[in-house]
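Only the coordinates and a few stated rules stand behind these numbers; no lab work does. Because the structure is a prediction, the values reported are computed rather than measured. Reconstructed Cβ throughout: ideal geometry from the backbone, glycine too, with neighbour counts over all protein chains shown.
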């Protein structure tokens, strides 16, 4: 299988995906695509989860919408899930991990509380995103990166940019 020249940055909400993806895009000139933003802008929303107070994207519609762009390559996709993306879209997957003490503070600062806060903390504790990546893609293209402090962020941006 031939892999397309794109990367995915994934991880639990508040693990630093957007910050890392934006900085890598600035360094590389590659296109940064935030899946949540695209889904909202293009109305690729399936429903709204009242309990978690967030839209649920239509994964099939998102894939159909992005496919022409992905075929061109040099895209940095960023999202908190990955199991619905085609296997051949990415040559590298980076799963950002954050220690729960840092993650908790970031989630609270973003306004998460109750079930939404608990669900995201559990997602990180139980490595849900990492497992999803390993279940979906060849493990040889997946790299787990700790992203707790500014030094981690800088190191991760440089590492990812060096692999483009």
Inter-site label distance for residue 122 and residue 105 at 7 Å from Cα along Cβ, in nm:
2.6 nm
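Starting from the Cα-Cα distance between residue 115 and residue 26, subtract it from 0.36 nm times their residue separation and give me the gain in nm to one decimal.
Values: separation 89, 0.36 × 89 = 32.04 nm, distance 3.51 nm.
Value of the extension gain: 28.5 nm.
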Calculated from the structure, Rg and Dmax of the Cα atoms in Å equals which of (1) 15.4, 48; (2) 14.5, 43; (3) 15.2, 43?
(3)
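At 222 nm, what helix-only mean residue ellipticity would the chain give, in deg cm²/dmol to the nearest 500, using -39500 (n - 2.57) for each DSSP H run of four or more? Don't jump to the answer; show the numbers that get you there.
Details: 7 runs with 77 residues, N = 164.
My calculation for the chain gives -14000 deg cm²/dmol from helical runs alone.
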Pop a pseudo-label 7 angstrom from the Cα along the beta-carbon direction at both residue 42 and residue 65 and give the gap in nm to one decimal.
0.5 nm
Please find, in a Gaussian network model of the chain (springs between Cα atoms separated by less than 10 Å), the residue of 40, 74, 22 whose mean-square fluctuation is greatest.
40
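Considering only DSSP beta bridges whose two residues both sit in the chain, what percent are antiparallel, to the nearest 5? Before the final figure, lay out each step's value.
Values: 4 of 22 bridges.
If I count the DSSP bridges inside the chain, around 20 percent turn out antiparallel.
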If I model a spin label at residue 84 and residue 3 as a point 7 Å from the Cα along the Cα→Cβ vector, what separation in nanometres do I get?
2.3 nm
For segment 1-44 and segment 85-164, what is the separation of their C-alpha centers, rounded to whole Å?
12 Å
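Once you have a ≥ b ≥ c as the square roots of the Cα gyration tensor eigenvalues for segment 102-142, tell me rounded if a/c is under 1.5, and otherwise prolate or oblate according to whether a/b is larger than b/c.
Here segment 102-142 falls in the prolate category.
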Percent antiparallel among DSSP beta bridges confined to segment 6-79, nearest 5, equals 35 percent
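Could you tell me the convex hull volume per residue, in Å³, taken over the Cα atoms of segment 1-94? Write down the numbers at each step before the final one.
Values: hull volume 9.2 nm³, N = 94.
So the per-residue Cα hull volume is 98 Å³.
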